[in-house]
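To keep things clear, I will list the structure first and then write my remarks on it.
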Amino acid sequence: MGEASTKASGAPLADRPLRLGIMGGTFDPPHLGHMLAADQAQQALGLDRVVFMPAGTPSFKQDSCRVPADDRLVMTRLAVRDVEGWEASDIEVARPGITYTADTLRQLRQTLPADARLFFIVGTDAAASMPQWKEPEAVAQLAEVALVQRPGQADAQEVAESLEAAGFRVSVVPASTVDVSSSQVRQRLAEGRTVRFLVPDDVIAYIEDRGLYRSEGDA
């Protein structure tokens, strides 16, 4: 089983390939749990950059996104804009049709050096279903899995062993993530409660300006 190194991230090194982290999700909205998981993966795996990929029309949540993809992309850009080496990509938002990770990884690979190493950052619950995703063999070939344990989710070591048995390359990321989810944030916003310290300030300002998540029925 792959173990994450303790090498800190920084500028790309001339004597090794680019190490790129990819963090997908609906980001509906992005919150500090996403950012903490990405930071811990970056530090543990020595990632040169982390790209956040808001889903356009995700295959697993086709009817559950509360706000349009364009708003989720803007919020994600606001969340990461002040973090060196982080960026938000519109690859999945701009691509028509249902979003599949295999397609995204292929498209991303075309823009990178041939020897670049891709690390797909994912929580244990989502990772457990990866063998059932569209073209799992292609996903396993195109990227390594950076498996982050989230509070209340499946055990990372057990999920890692299952993924490795299915042909995935896995690194378990030591993580101390906060117990927060996008659904919890949406519920608090719908109830008029504060999300301070759970969501970046710039994202909160955008949500308030646009009147998003005023009720759980917003779409």
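The values are calculated or read from the model by the stated rules, or taken from the named source; none is laboratory data. All values derive from a computational prediction rather than experimental measurement. Here Cβ is always computed from backbone atoms with ideal geometry, including for glycine, and neighbour counts include all displayed protein chains. For the accessible areas, the whole protein counts, side chains as well, though only heavy atoms, and no ligand, DNA or RNA atoms are used. Shrake-Rupley method; radii C 1.70, N 1.55, O 1.52, S 1.80 Å.
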Using the heavy atoms of the protein chains alone and a 1.4 angstrom probe, what is the accessible area of the chain per residue in square angstrom?
48 Å²
Just how large is the dipole of the chain about the Cα centre, in debye to the nearest 20, putting +1 at every Lys and Arg Cβ and -1 at every Asp and Glu Cβ?
200 debye
Which loop chymotrypsin sites (Phe, Trp or Tyr not before Pro) in the stretch 131-201, with loop taken from DSSP, have no more than 14 other Cβ atoms within 10 angstrom of their Cβ?
PHE197
From the helices alone, meaning DSSP H stretches of at least four residues, give me the mean residue ellipticity at 222 nm for the chain, per-run term -39500 (n - 2.57), in deg cm²/dmol to the nearest 500.
-10500 deg cm²/dmol
From Cα pairs below 8 angstrom and at least 6 apart in sequence, can you work out the relative contact order of the stretch 111-168, rounded to a whole percent?
43 percent
To one decimal place, what Kirkwood hydrodynamic radius in Å is obtained for the stretch 38-131 from all pairs of distinct Cα atoms?
14.5 Å
Please name whichever of PHE197, VAL145, GLY211 sits farthest to the positive end of the charge dipole of the chain, dipole taken about the Cα centre and charges placed at Cβ: Lys and Arg +1, Asp and Glu -1.
GLY211
Farthest toward the dipole's positive end in the chain, which of VAL93, PHE168, MET23, given Cβ charges of +1 (Lys, Arg) and -1 (Asp, Glu) about the Cα centre?
VAL93
For the stretch 129-219, give the magnitude of the charge dipole about the Cα centre (Cβ charges: +1 Lys/Arg, -1 Asp/Glu; no others), in debye to the nearest 20.
300 debye
Compute the label zone of GLU158 within the stretch 122-147: residues whose backbone N is under 17 Å from the point 7 Å along Cα-to-Cβ.
123-131
Of 91-99, 15-23, ordering from highest average Cβ density within 10 Å down gives 15-23, 91-99
